[in-house]
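Working notes, structure below.
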Amino acid sequence: DKTPEIGDEIAVKCPADPPYPEGWYTGVCIGITEHDDGVVAKKRSKRRGFTLKVEWDGGGEEELVNPEWRMKSEAPDKQGRVSHRDTKLRPYMKYWVTRLNAMNEAEKKLSRTRAGKTVRADPDQQVEWVQCCNPSCGKWRSLPPYLKPSAVLDSCDRKWYCVLNSWDEAIASCGAAQESGYMSKTSST
C-alpha cells in the first residue's frame, strides 16, 4: 500500500471526537514512520503499518496510526467514495464559473436607467440588432431605439451574451427563443 510523502496535502477520515464530528479533515503530512504492526496476512507475511504526523488546515498537529487517507485533490463524497467523474469535471466547472462571473461583471457595467422601455414610437424605425457570442446560441436580440449598438458592445468588451440583455428581461437568456422580426440585412454586429 502506498503512503503519503512529507509535504503532501491529504484528507484523513477521522472518527467523532467532540467537539469535532466524524468526517474527512484536511492537512499536510509533516512526518511518516513505517512500522511492523504484527498482523499476519493471508500470504503469511506481516503487514506493514505507518504513523502519520499531520498538520491540520485548521491548526494543530496530530499523530495518527494507520489512518484511512486520500490525497486532498481526491476528496471523497459524504459516503467516503471518490468520484472520478467529479475530478474530471472540476476543471470544466471552474472554467464555466469563471465565464459566468465575467458575464455578471459585464452585466453590472450596462446602464439600467432605461430598462424595460422597449416600445417603439415609430413602427417604421430601423431596428438595430446584437448577436450573442455564445457559440451554442448565436441568437440575435433587438436593441431599443435609445441604445446604440456600439455603446452596448463597448460596455462588454465586444463580447455580448443574452444574459447581458438589461432592456428586456424576458429574453435575457440563451434559452429564450429567437426574436421574431430579425433580418440579417439590418444587423449591426
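Tabulated data for the structure shown
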item: From the options Gln126, Gln79, residue that is at pLDDT 70 or above and either polar (S, T, N, Q) or touching a His at 6+ places or on another chain (Cβ under 8 Å) (or both); result: Gln126
item: Restricting region 135-159 to residues that are part of a loop (DSSP other than H, G, I, E, B), within 15 Å of Ala102 (Cα to Cα) and in contact (Cβ under 8 Å) with a residue 40 or more places away in the chain, the residue that is least open to solvent (accessible area, probe 1.4 Å); result: Cys156
item: Restricting region 1-15 to residues that are open to solvent by 70 Å² or more (accessible area, probe 1.4 Å) and out of contact with any Cys (no Cβ under 6 Å at 6 or more places or on another chain), the residue that is modelled with the lowest pLDDT; result: Asp1
item: Test for Trp69: is it modelled with pLDDT of 70 or more, of a type in the set (Phe, Trp, Tyr), closer than 23 Å to Ala176 by Cα and open to solvent by less than 80 Å² (accessible area, probe 1.4 Å); result: no
item: Filter result (among the hydrophobic types (A, V, I, L, M, F, W, C), touching a Gly at 6+ places or on another chain (Cβ under 9 Å) and modelled with pLDDT of 85 or more) within region 31-66; result: Leu52, Val54, Trp56, Val65
item: Conditions (1) open to solvent by 10 Å² or more (accessible area, probe 1.4 Å); (2) under 16 Å from Ala102 (Cα atoms); (3) touching a strand residue (DSSP E or B) at 6+ places or on another chain (Cβ under 9 Å); number of the one not met by Cys162; result: (1)
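The values are calculated or read from the model by the stated rules, or taken from the named source; none is laboratory data. Predicted, not measured: the structure shown is a model, and the values here were computed from it. We place every Cβ from the backbone using ideal geometry, glycine too, and count neighbours over all the protein chains shown. Keep in mind that these areas ignore ligands, DNA and RNA; they rest on the heavy atoms of the full protein, side chains included. Shrake-Rupley method; radii C 1.70, N 1.55, O 1.52, S 1.80 Å.
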